[in-house]
1. So what is the diffusion coefficient of the stretch 93-173 in µm² per second by Stokes-Einstein at 20 °C and 1.002 mPa s, using a Kirkwood Rh over Cα pairs?
2. At 4 °C and 1.567 mPa s, what whole-number value in µm²/s does Stokes-Einstein give for the translational diffusion of the stretch 144-227, with Rh from the Kirkwood sum over Cα pairs?
3. Rounding to the nearest 10 and keeping the result within 0 to 90°, find how far the Cα-based axis of helix 132-162 lies from the longest principal axis of the chain.
4. On C-alpha positions alone, give me the angle between the axis of helix 180-194 and the longest principal axis of the chain, in degrees, nearest 10.
5. So what is Rg over Rh here for the stretch 324-423, counting just Cα atoms and using Kirkwood for Rh?
6. Cα extents of the stretch 199-351 along the three principal axes, largest first, in whole Å?
7. Can you give the angle from 0 to 90° between the axis of helix 110-130 and the longest principal axis of the chain, with both taken from C-alpha atoms, to the nearest 10?
8. Using DSSP to call loops (not H, G, I, E or B), can you name the trypsin sites (Lys or Arg not before Pro) in the stretch 158-247 whose Cβ has at most 12 other Cβ atoms within 10 angstrom?
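The values are calculated or read from the model by the stated rules, or taken from the named source; none is laboratory data. All figures in this text were calculated on a predicted structure; none of them were measured in a lab. Every residue, glycine among them, receives a Cβ derived from its backbone with ideal geometry; neighbour counts consider all protein chains shown. Note: areas computed on protein heavy atoms with side chains; ligands, DNA, RNA excluded. Shrake-Rupley method; radii C 1.70, N 1.55, O 1.52, S 1.80 Å.
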Amino acid sequence: SGIFISPKGVLASSGSVGASLIIWTLCGFIALLGALSYAELGTMITKSGAEYAYLQEAFSPLHRTLGPIPSFLFAWTSVLILKPALFGVTAMSFAVYAVEPFYGKCGHDDTIVKIVACLCLFLITFINAYSVDLATKVQNLFTIMKLVAVAIIIAGGVYMLSTGSTEHLNTGFEDTTDSFAMFALAFYDGLWAYDGWNNLNYITEELKNPSRNLPLAIMIGIPLVTVCYILMNVSYFTVLSKYDLLLSNAVASSWGDVVLGGATLIIPLAVVLSAFGGCNGTCFTGGRVMYVAAREGHLPEVFSYIHVTQLTPLPSLIVSVILACVLVLAGEIFALIDFFSFTAWFFYGLTMASLIVLRVTQKDRPRPYKVPIIVPVIVLLVSVYLVVAPIIQDPRIEFLYAFLFSVSGLIFYVPFVLYGKKI
């Protein structure tokens, strides 16, 4: 769903058509390497919760007091910021395209967008609280809708290329930025569109035959998504100059106005369906982090409860939607993406470090799937760059807030987890 929002951010930060296409390709490669590393962790540690479970397994045995801190801080940050921010941004993507046809070129009202986004969040949460089976069926249906939207845009781009519409693509690397910090921000927007490469690891306990299906889904899914993203960006640039794209609030709709003419309503409708499916996937996995962390004693016990008949993690889903609505009402979409990406890549890097630690401390443990050690090392180095480069070259208060919020969890860790105090 991010491909309908992120191209504007990637282009704005990279500066040129050619650089943005290279960044989209590299983002797909990074997502694939990260996901393959997670596949090793997920097939070795068959617990739901993804990063939380892996950090707990790798670092907790090293020291009774300090070892559990990485997993606790991840749970703290993920529950209160990461998952709600991702949930909220995807809902805002839904809302932007849902209201766009009613405003046309006049520009949409941000208040209306936020109200629609909140309504989307509550509907998705109801679906996921009501039934796991219903949430899965919704995901399957709307994944098909996503691919229909992608196919329409790619087919339109192929047609425009066949007519010789390459003027904007031929600008190549004109105006490419020379700032490492701006490239990092471009990667933030691109990698946000790929985010979800680790989603299956959040529900490992609910997968059938995870040792086979987890790596298989990754090897099929991420290369397919990468190809689609590159082709869609090429399609956008067949009719939109970089200035047109940067001025657009809904890139795919702007493309549809030029290419589809009277049928342009197809695009916002298809994108709305796509974003709804992406929002559903985020909700489905987000509630599981809180559920698993509470089960391990790192969050209040009530968040580990499941509904007595529906068997869904109802308390964690309710908290997630409330936090997502707060972020939607308080934030702006690209600021939320940068805030999310900065924090997320810190923990992705820490998770890569956990894989390396486990290779040393548990080298004889069975690994149904195993990646070359260079793979997590590359992702770890990328995560260091994505976290450090913006701070060094373009210090922003948002990054300081993200860091301070993450470490503020220690205020609660010491009394409530380490010493077991009860409220």
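1. Numbers: Rh = 16.0 Å.
Reported coefficient: 134 µm²/s.
2. Working: Rh = 16.5 Å.
D, rounded to a whole number, is 79 µm²/s.
3. In the chain, helix 132-162 runs at an angle near 30 degrees to the longest axis.
4. Value to nearest ten degrees: 80.
5. Values: Rg = 17.5 Å, Rh = 16.3 Å.
Value, to two decimals: 1.07.
6. Computed over the stretch 199-351, the largest-to-smallest principal extents equal 54, 40, 35 Å.
7. The angle comes out at about 50 degrees.
8. Loop-located and lightly packed - Lys208.
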